[in-house]
Amino acid sequence: MNASIIDPLQGDFPEVIEEYLEHGCMKCIAFNRRGTLLAAGCNDGSCVIWDFETRGIAKILHDNECSSPITSICWSKYGHRILVSAADKSLILWDVMSGKKITRIVLQQTPLQARLHPGSSTPSLCLACPLSCAPMIVDLNTGNSTLLKVSVSETSNGLIPPSRNKSSDGITSFTPTAACFNKYGTLVYLGNSKGEILVIDYKNGEVRAVVPITGGSVVKNIVFSRNGQYLLTNSNDRVIRIYENLLPLKDEVRTLDELNENCGDVNNSEKLKVIGSKCLILFREFQDAITKVHWKAPCFSGDGEWVVGGSACKGEHKIYIWDRAGHLVKILEGPKEALIDLAWHPVHPFVVSVSLNGFVYIWAKDYTENWSAFAPDFKELEENEEYVEREDEFDLIPDTEKVKAPDVNEDEEVDIISVEKDATFSDSDMSQEELCFLPATPSRDPLEQQDKCAESSSKLLDSNNTGSPSEEAGPNGLMMNHASSLLEDDAGRFKRKRKPSEKVLELQAEKVKKSSKSSKLAKPKNKSLVDQDNGPYKEMNPFETKEYGGFGFGMN
């Protein structure tokens, strides 16, 4: 599609389902940083990587030790590593290019989500959010884990461990807690069951700031925009909230130290809330005021201009799109399948959603070409109009241009070596080689299919030697071999002769019948009109000429 003829007033968001991907039963998805590769975790514990440009499978990662469903999937910054969490309490780190497993760590609890540290090309730390305990920082090299504190004491100056809820059988359980790294991985932003956002320095485990959320509902999802300027939370009160990040992106820890010194001697919990008010400020709230639906996998668009959230209602596949000003601009309605995961393409207006049945749907923009974008004075006509051309309109050098002096300095050297830095990937390190595409590798047939082929080839050799099992008389009375046979050429190599299909055999039989009919029709014309085989009417040659009353009539 030519970008110059796209109407800029249409809105840069998807509108229709362009295609769907199918491979097993997929549960979660994630784009790499450039959006060229799409990774999907499957129900059988495998991870399939799609080339998003060709929509073909580039690689499949599978560990024999893991056969449980994948709960989350995450790319490293430059695309060389993939981290997956599974329902068997394991974390697996993969090398994407070689397809080899780097490490596998088993936790005490099932991780619902795992995120690699975004500040390193080969990260060794990850943030895991288990089902029934506090989020933790896991060292992938050693397997050591450090629990993060998820609440602050209201009465003392210290921190208390995470709040626990006792169930009816007396077993202590935790409320699942959402957490994420900031843009450069210096801090962790954590949403707890009390409806608070905690800013934590994970290196020493210290809570640096607390931001209360209106209503105090449990935070289910928390995610930063790509540029790190906005933070999104999804709470149990069915409201998606957007917070603006007031801290500098590359010097957040030092800024928090300065804010802590300026607060003076204040109660610890109050001090943390004061600091929190200078870290995050509420920007927008999104909700469906009529249906009051719960939201699934909300996220930002690649440029942060749009907010998208999926409906968590069973049996419907609805995706809501808002602009950052808070206006609902589009509701995408898909098949009658529940939505379980969602991702927006990092660069282009594509949304990828996963259904409960394991299909991945690709939503794209329905472009309308605007030909007036070729020139500002271009006008689309509803009907033909008579046009009067200028006298010099089709001259090689019109008189109007002869008067103008050239604006281009022809002596200036043109730089064709330097590469302009893309603002979308402004934090890229040019010294790091980024993995954008994977080489295509042919896949071998399954072992069962190979065994069947070997067995069929052995039967063919036996049948060729004996001659009786697969030979039948053909239409001409010749012996035909309906199975494929091995033929030897002049060089001594064997070639496989394909078995003719049923359709080919039917066509051959019809061809033989037609040739026999044409030979019958070529006999002398004094044959009796009554044919005992074909009935009382003679089958007439359509190209045969008959004489009726002295005139010749050709029947076509």
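The single residue among GLY315, GLY304 that is closer than 30 Å to LYS183 by Cβ and either touching a Pro at 6+ places or on another chain (Cβ under 9 Å) or at pLDDT 85 or above (or both) turns out to be GLY304. Scanning the stretch 189-205 for residues that are buried (at least 23 other Cβ atoms within 10 Å of the Cβ) and touching a Phe, Trp or Tyr at 6+ places or on another chain (Cβ under 9 Å) yields TYR189, ILE197, LEU198, VAL199. Considering ASN262, ASN234, the condition of being assigned to a strand (DSSP E or B) and either of a type outside the set (Asp, Glu) or surrounded by 13 or more Cβ atoms within 10 Å (Cβ to Cβ) (or both) is satisfied by ASN234 alone. Of everything listed in (1) aliphatic (A, V, I, L, M); (2) closer than 20 Å to GLU196 by Cα; (3) under 33 Å from the mean Cα position of the chain (by Cα), the single unmet condition for LEU249 is (2).
Determine whether GLY309 is open to solvent by less than 10 Å² (accessible area, probe 1.4 Å), farther than 19 Å from ARG33 by Cα, assigned to a loop (DSSP other than H, G, I, E, B) and out of contact with any helix residue (DSSP H, G or I) (no Cβ under 7 Å at 6 or more places or on another chain). It is false that GLY309 is open to solvent by less than 10 Å² (accessible area, probe 1.4 Å), farther than 19 Å from ARG33 by Cα, assigned to a loop (DSSP other than H, G, I, E, B) and out of contact with any helix residue (DSSP H, G or I) (no Cβ under 7 Å at 6 or more places or on another chain).
Would you mind stating whether ARG254 is surrounded by 15 or more Cβ atoms within 10 Å (Cβ to Cβ) and either charged (D, E, K, R) or free of Cβ contacts under 8 Å to residues at least 60 places away in the same chain (or both)?
no
Just wondering, is there one or more residues in the stretch 57-67 that are at positive phi and open to solvent by less than 50 Å² (accessible area, probe 1.4 Å)? Looking for residues that are at positive phi and open to solvent by less than 50 Å² (accessible area, probe 1.4 Å), one finds none in the stretch 57-67, hence no.
Filtered by the rule that a residue be small (Gly, Ala, Ser), open to solvent by 10 Å² or more (accessible area, probe 1.4 Å) and either without any contact (Cβ under 8 Å) to a residue 24 or more places away in the chain or outside any strand (DSSP E or B) (or both), the stretch 19-45 gives a lone residue, GLY24.
Exactly one condition in (1) on the phi < 0 side of the Ramachandran plot; (2) touching an Asp or Glu at 6+ places or on another chain (Cβ under 8 Å); (3) surrounded by fewer than 21 Cβ atoms within 10 Å (Cβ to Cβ) is false for GLY315; which is it? Against the list (1) on the phi < 0 side of the Ramachandran plot; (2) touching an Asp or Glu at 6+ places or on another chain (Cβ under 8 Å); (3) surrounded by fewer than 21 Cβ atoms within 10 Å (Cβ to Cβ), GLY315 comes up short only on (1).
The residue that is farthest from PRO118 (Cα to Cα), among those in the stretch 206-231 that are assigned to a loop (DSSP other than H, G, I, E, B) and open to solvent by 20 Å² or more (accessible area, probe 1.4 Å), is GLY215. Exactly one residue out of SER98, SER90, SER76 is under 24 Å from LEU438 (Cα atoms), out of contact with any Gly (no Cβ under 6 Å at 6 or more places or on another chain) and open to solvent by less than 30 Å² (accessible area, probe 1.4 Å): that is SER76. Taking the stretch 105-138 as the range and being closer than 20 Å to VAL207 by Cβ and open to solvent by less than 10 Å² (accessible area, probe 1.4 Å) as the test, the residues that pass are LEU127, ALA128, CYS129, PRO130, ALA134, PRO135, VAL138.
Residues checked against (1) at pLDDT 95 or above; (2) over 30 Å from LEU131 (Cβ atoms):
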{"residue": "SER4", "(1), (2)": "no, yes"}
{"residue": "GLY24", "(1), (2)": "no, no"}
{"residue": "ARG33", "(1), (2)": "no, no"}
{"residue": "ASN43", "(1), (2)": "yes, no"}
{"residue": "CYS47", "(1), (2)": "yes, no"}
{"residue": "CYS66", "(1), (2)": "no, no"}
{"residue": "PRO69", "(1), (2)": "yes, no"}
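The residues on offer are ILE331, ILE281, ILE319, and the sole one that is in contact (Cβ under 8 Å) with a residue 40 or more places away in the chain, of a type outside the set (Gly, Ala, Ser) and part of a strand (DSSP E or B) is ILE319. Looking across ALA289, ALA209, ALA297, one residue alone is more than 28 Å from VAL347 (Cβ to Cβ) and in contact with a Leu (Cβ under 8 Å, 6 or more places away or on another chain). It is ALA209.
The values are calculated or read from the model by the stated rules, or taken from the named source; none is laboratory data. Everything quoted here is computed from the prediction, not taken from an experiment. Counting neighbours? That spans all protein chains shown, and the Cβs are built from the backbone with ideal geometry, glycine included. Just the protein is used for accessible areas: all its heavy atoms, side chains included, with ligands, DNA and RNA removed. Shrake-Rupley method; radii C 1.70, N 1.55, O 1.52, S 1.80 Å.
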